[in-house]
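Before any comments, here is the structure.
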Amino acid sequence: MVLILRTMTSAMTLDHARALDAQDPLAPMRAQFAVPDGVIYLDGNSLGALPTATAARVAQAVQHEWGQGLIRSWNTAGWIASPQRVGDLMAPLIGAQAGQVVAADSTSINLYKVLHATLLIAGGAHSVRAGGLKSSEKRHNIVLSERSNFPTDLYIAQSLCAQHGFTLKLVEGGELEQALTDEVAVLMLTHVHYRSGRMHDMAALTARAHAVGALAIWDLAHSAGAVPVDLLAADADFAVGCGYKYLNGGPGAPAFVWVHPRHAQTFAQPLTGWIGHAQPFAFTPDYAPAPGITRALCGTPPILAMTALESGLQVFAQVAGGMQALRTKSLKLTDLFIELAEQRVTAHGFTLITPREHGLRGSQVSFAPIGAREKDGYAIMQALIARGVIGDFRAGDANAPADSTDRHDILRFGFAPLYNSFAEVWQAVEHWQAVMTSGEWQRAEFQRKAAVT
Ligand SMILES: Cc1ncc(COP(=O)(O)O)c(C=O)c1O
């Protein structure tokens, strides 16, 4: 092994970064992903890369299970149990146990189900006394969230609050503790923020919610497969998250939903389809929920998408050291990216949005273009993508408070410790610096906004 040492003051070279890769125990995992040549993929927080096993596995499901097995495959290929089987693969990544998670639908739809369930609990349809929760004799009527939470979460909450006579209260991230009063019925948060990459203290906020008699729902879209999550230790009530981001399940992959065991036999979700029925093949006219998490299902599972997601999750089972090992590498990758970007790029007009403190950081890094570059973030990202460095752009929120970083446009870079290398971090910053010094981002082709940014 070549050891290339560097002092604290000397600049990191590509050779230094390659030496870090040579020492990286997770480096061999890269071979399990089909990242195209010439691409530095820093968008696994949006759509994870393709695992090499997935294409053949999906082809087998199409040709053999569907083509040959036909409808028999619901039994013979285990299709009918796939939501639970895939859920069991997710469980260890989020601090849940087998039998507590199912893969189904989208994150938006699963959030609709669990938020509805919590509103019924808060409204007194169920009395909850476990886990330090107060009984629901007194009506709590606020759903509390963060103003800059991912929009789909807020849209779903707006609809449900309007339907059920609750008020959606939105505050800044730093005001959440103060806003947790005994009028709050449900605290609904995204664990790692989609723009800033800032991570909430799930256990502390959940405890605070329970202390005021509220339930806690966590959206793990940017956490599952990216940072260690311990839902049971945090004593959360419900959780949802995406299968297509760090879990590498493919575009539009099924999402997941988890329910704490104290609610598992009593929660009522609104989308009472037959696959969540206690006996789908009894074909009775009346709905009766299946025991436990299975009642979170609604309709027929999308088997081809489920197959791809299962293949993505099987990669995690091979990681020595599990989520802790991935977290260790993720922090090293994001630390290095911040360090190199601040040495070589930020003087061109960027400021770091993501927290420097490890305990507050997910697995992405966002920089805002500022000053003369304030409006150029989109074009700069397009120029980077043209060089094969794929991150993404998120527009700022002009309605955010004057002192909020949410007002800024951002360049977002996601780091997937399963397949990103230290050399890629170095090369990405090298390209970014070249984009800025050459001014190539000013080309007309980079100014045209596509439908998806
Ligand atoms: C926090 C969060 N929740 C939900 C979603 C998307 O949900 P869906 O898969 O239903 O489109 C995203 C997508 O980026 C997200 O970042």
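State the percent of C-alpha pairs, over all pairs in region 209-248, separated by a distance greater than 11 angstrom.
65 percent
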Under Stokes-Einstein, with the Kirkwood radius over Cα pairs standing in for Rh, what whole-number D in µm²/s applies to region 328-392 at 4 °C and 1.567 mPa s? 103 µm²/s
Spin-label model distance (nm) - R407 vs A444, 7 Å beyond Cα toward Cβ: 3.4 nm
Which value, in debye to the nearest 20, describes the size of the charge dipole of region 300-453 about its Cα centre when Lys and Arg Cβ atoms bear +1, Asp and Glu Cβ atoms bear -1, and nothing else is charged? 120 debye
Per-selection Rg to Rh, the chain - Cα, Kirkwood hydrodynamic radius: 0.99
What ranking, highest mean first, results for peptides 234-245, 46-57 when packing means the other Cβ atoms within 10 Å averaged over each residue? 234-245, 46-57
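From the square roots a ≥ b ≥ c of the eigenvalues of the alpha-carbon gyration tensor of region 35-122, which class results: rounded (a/c under 1.5), prolate (a/b over b/c), or oblate? If you can, show how the numbers build up before the last one.
Numbers: a/c = 2.26, a/b = 1.19, b/c = 1.91.
In terms of gyration-tensor shape, oblate.
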Once you order the gyration tensor axes a ≥ b ≥ c over the Cα atoms, which shape class does region 299-367 get: rounded for a/c under 1.5, otherwise prolate or oblate by comparing a/b with b/c? prolate
How far apart, in nm, are two points set 7 Å out from the Cα along the Cα-to-Cβ line at H164 and at A434? 5.3 nm
What is the packing order of peptides 389-398, 103-112, taking the mean over residues of other C-beta atoms within 10 Å and listing the highest first? 103-112, 389-398
Where the only charges are on Cβ atoms (+1 Lys, Arg; -1 Asp, Glu), what is the dipole of region 275-363 about its Cα centre, to the nearest 20 debye? 200 debye
Mind sorting W432, W274, W441, W426 by how few other Cβ atoms lie within 10 Å of their own Cβ, fewest first? W274, W441, W426, W432
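Calculate the dipole size of the chain relative to its Cα centre from +1 charges on Lys and Arg beta carbons and -1 charges on Asp and Glu beta carbons; express the result in debye to the nearest 20.
400 debye
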Can you tell me how region 390-453 classifies by the Cα gyration tensor, rounded, prolate or oblate, using a/c under 1.5 as the rounded cut? oblate
Relative contact order (%) - the chain, alpha-carbon pairs under 8 angstrom, separation at least six: 20 percent
Please state the relative contact order of region 267-323 as a whole percent: Cα pairs under 8 Å, 6+ residues apart? 31 percent
Taking all pairs of different Cα atoms in region 34-193, averaging 1/r and flipping that mean, what Kirkwood radius in angstroms comes out? 19.2 Å
Computed FRET value (nearest 0.05) for H358 with Q68, which takes r as the C-beta separation and R₀ as 35 Å: 0.10
Need one number: nm distance between label points at A288 and V171, each 7 Å from Cα along Cα→Cβ, rounded to one decimal. 4.5 nm
Diffing region 43-48: the Karplus 3J(HN,Hα) column from phi (6.51, -1.76, 1.60, θ = phi - 60°), in whole Hz with x for Gly and Pro, holds 9, x, 7, 10, 9, x
Tabulate in residue order the Karplus-calculated ³J(HN,Hα) for region 154-164, using 6.51 cos²θ - 1.76 cosθ + 1.60 with θ = phi - 60°, rounded to whole Hz; enter x for Gly and Pro. 5, 5, 4, 5, 4, 5, 5, 4, 5, 5, 10
Please give the length that would be gained between A398 and A53 if that part of the chain were fully extended, namely 0.36 nm times their separation in residues minus their C-alpha to C-alpha distance (nm, one decimal). 119.9 nm
Space enclosed by the convex hull of the alpha-carbon atoms of region 215-349, per residue, Å³: 165 Å³
Can you work out the Karplus-derived ³J(HN,Hα) for every residue in region 24-38? Use 6.51 cos²θ - 1.76 cosθ + 1.60 with θ = phi - 60°, whole Hz, and x for glycine or proline. 7, x, 8, 3, x, 5, 4, 5, 8, 10, 9, 7, x, 4, x
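We did not get these values from a lab; they are worked out from the coordinates using the rules stated. On a predicted model such as this, the values are computed, not experimentally measured, just so you know. All Cβ positions, glycine included, derive from the backbone under ideal geometry; neighbour counts span all protein chains shown.
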